[in-house]
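The block underneath contains the structure these notes are about, expressed in structure tokens.
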Amino acid sequence: MFKLIAIGDNNIDTYAASGVSYSGGNCPNVAAYAAINGYPSAYIGVAGLDSFGDLLAGGLAETGVDVSHLRRERGITSRDVIVSREGDRTFTQYDRSIIDAFPLCFDEGELDYIRSFDLIHTSIYSTFAPGAFDLLCGLGVPVSYDFSVEWQQEFTDQSGEEYLQELTPLPPDFLESVCKKVDYAFFSCSNVSEEETEALLRRAVGFGCRLAVGTRGMHGSFCFDGHGFYRQDAYRTSVVDTLGAGDSFITRFLLTYLDGARLLEHCTGTLPAQVGFLPGDLGDYRQKLVRAGLSQAALFAARSCQVEGAFGHGRLL
């Protein structure tokens, strides 16, 4: 069965109103959502030797994620406080000092472990030691990357001014430098137009990634695969909490698309040399695969909005 490993950032989300804390962060969320969908998954990252680190490890393990390679260090687990909800969220008091203090690097044993997976996922919020990200991208395992909202280089108060002040400004060529190394790129495009979204996805694929997806909240999503654009409307639902909605979309899209791509590879790779499929038929399959990925992703994202916290497992700490 398709196996996913998420490597990088993590975050504990604490709701100011209730005091309840939840495991979160892009990479843990993707690993958890893969497990919830029935796929083997694992997470590698750094957490503190504190109660929040215990919450992160416990929440993931209870969901079915392999956390045997989670690193625990002296320090405070990355955390923010959500001070306003109303169906959306605003982050404050963001502390990611432990992630920056212990950038990820990998020994040969860990690299062998990572090679056993079918997909590596990471994000713009992850911190790697010099050369470590390039090493991951060179393992021969497909890599997906979430740029979130940071690709815009516009440090607005969309996600909370105090939250964004903690992030390091990106170099001018960051988009190009990442897209030429990864296979699948994801962008949050809720506050830009459809035309700007399409232009961004075209640039990302032009820089080298196979496929790029832009999510626009209740305005749906777009995908560009180098041949054409695809659009998917959002499914309306009763919203409890939007935390993790984008991560659930990313996860379900990847699972659907890559599972279907694996079937295509199996069906075409096992045929005798003298027979095969017509190219037009395979192109039609790939288009339907993208559409299936987008529709299932939108459905699962709508479902995730019905759960408090990214994937539940909240506690008062």
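Largest GNM mean-square fluctuation among 185, 129, 31, using the chain with Cα springs under 10 Å: 129. Charging the Cβ of each Asp and Glu at -1 and of each Lys and Arg at +1, and nothing else, the dipole of the chain about its Cα centre rounds to 820 debye. Legend: calculated FRET efficiency, residue 218 to residue 97, from the Cβ-Cβ distance at R0 = 30 Å, rounded to 0.05, equals 0.30. Rounded to the nearest whole Hz, the Karplus-based 3J(HN,Hα) values (6.51 cos²θ - 1.76 cosθ + 1.60, θ = phi - 60°) of region 222-233 follow the sequence 10, 9, 10, 10, x, 10, x, 9, 10, 10, 10, 6, with x at glycine and proline. Mind checking which of 138, 114, 98 is farthest towards the positive end of region 61-154's charge dipole, using Cβ charges of +1 (Lys, Arg) and -1 (Asp, Glu) about the Cα centre? So the residue we want is 98.
Just to confirm my numbers, what's the Cα centroid distance between region 213-259 and region 76-144 in Å? Between the Cα centres of region 213-259 and region 76-144 lies a distance of 21 Å.
Using the Karplus relation 6.51 cos²θ - 1.76 cosθ + 1.60 with θ = phi - 60°, the per-residue 3J(HN,Hα) values for region 119-136 come to 8, 9, 10, 8, 8, 5, 8, 8, 10, 10, 5, x, x, 5, 5, 4, 4, 4 Hz, with x marking Gly and Pro. Amide H contacts of residue 211: 185, each under 5 Å away and 5 or more positions distant or on a separate chain (H built 1.01 Å from N in the peptide plane; Pro and chain starts excluded). Near residue 48, the amide H atoms lying under 5 Å from its own belong to 53, 73, 77, 78; only residues 5 or more places off or on other chains count, and H is placed 1.01 Å from N.
Give the shape of region 2-80 as rounded, prolate or oblate, defined through the alpha-carbon gyration tensor: a ≥ b ≥ c are the square roots of its eigenvalues, a/c under 1.5 means rounded, and otherwise the shape is prolate if a/b is larger than b/c and oblate if not. Oblate, since a/c reaches 1.5 and b/c is not below a/b. Quickly estimate the mean residue ellipticity at 222 nm for the chain, helices only: each DSSP H run with n ≥ 4 gives -39500 (n - 2.57), and the total goes over all residues, rounded to 500. Only helices count here, giving -11500 deg cm²/dmol.
DSSP beta bridges fully contained in region 14-124 are about 45 percent antiparallel.
Note on the chain: with a GNM built from Cα contacts shorter than 10 Å, the maximum mean-square fluctuation among 174, 300, 133 falls on 174. Largest GNM mean-square fluctuation among 150, 110, 198, using the chain with Cα springs under 10 Å: 110. Indicate the gyration tensor shape class of region 53-138 (rounded, prolate or oblate), computed on the Cα atoms with a ≥ b ≥ c the square roots of the eigenvalues: a/c under 1.5 is rounded; otherwise a/b larger than b/c is prolate and the rest oblate. Prolate. DSSP beta bridges fully contained in the chain are about 40 percent antiparallel. As a length-normalised measure over Cα pairs under 8 Å and 6 or more apart, the relative contact order of the chain settles at 19 percent. Karplus-derived 3J(HN,Hα) values for region 200-205, using 6.51 cos²θ - 1.76 cosθ + 1.60 with θ = phi - 60°, are 5, 5, 5, 4, 4, 5 Hz; glycine and proline are entered as x. Remark: region 1-105 carries 35 Å² of accessible area per residue (probe radius 1.4 Å; ligands, DNA and RNA excluded).
For region 1-49, give the percent of accessible area contributed by carbon and sulfur heavy atoms, probe 1.4 Å, rounded to a whole number.
Carbon and sulfur: 60 percent of the exposed surface of region 1-49.
Distant-in-sequence amide contacts of residue 220, defined by a placed amide H-H separation under 5 Å and a gap of 5 or more residues or a different chain, comprise 234.
The values are calculated or read from the model by the stated rules, or taken from the named source; none is laboratory data. What you see is a predicted model; the values in this text were computed from it and never measured. Using ideal geometry, Cβ is built from the backbone for each residue, glycine included, and neighbour counts are taken over all protein chains shown. In case anyone asks, the SASA skips ligands and DNA or RNA and just uses the protein heavy atoms, side chains included. Shrake-Rupley method; radii C 1.70, N 1.55, O 1.52, S 1.80 Å.
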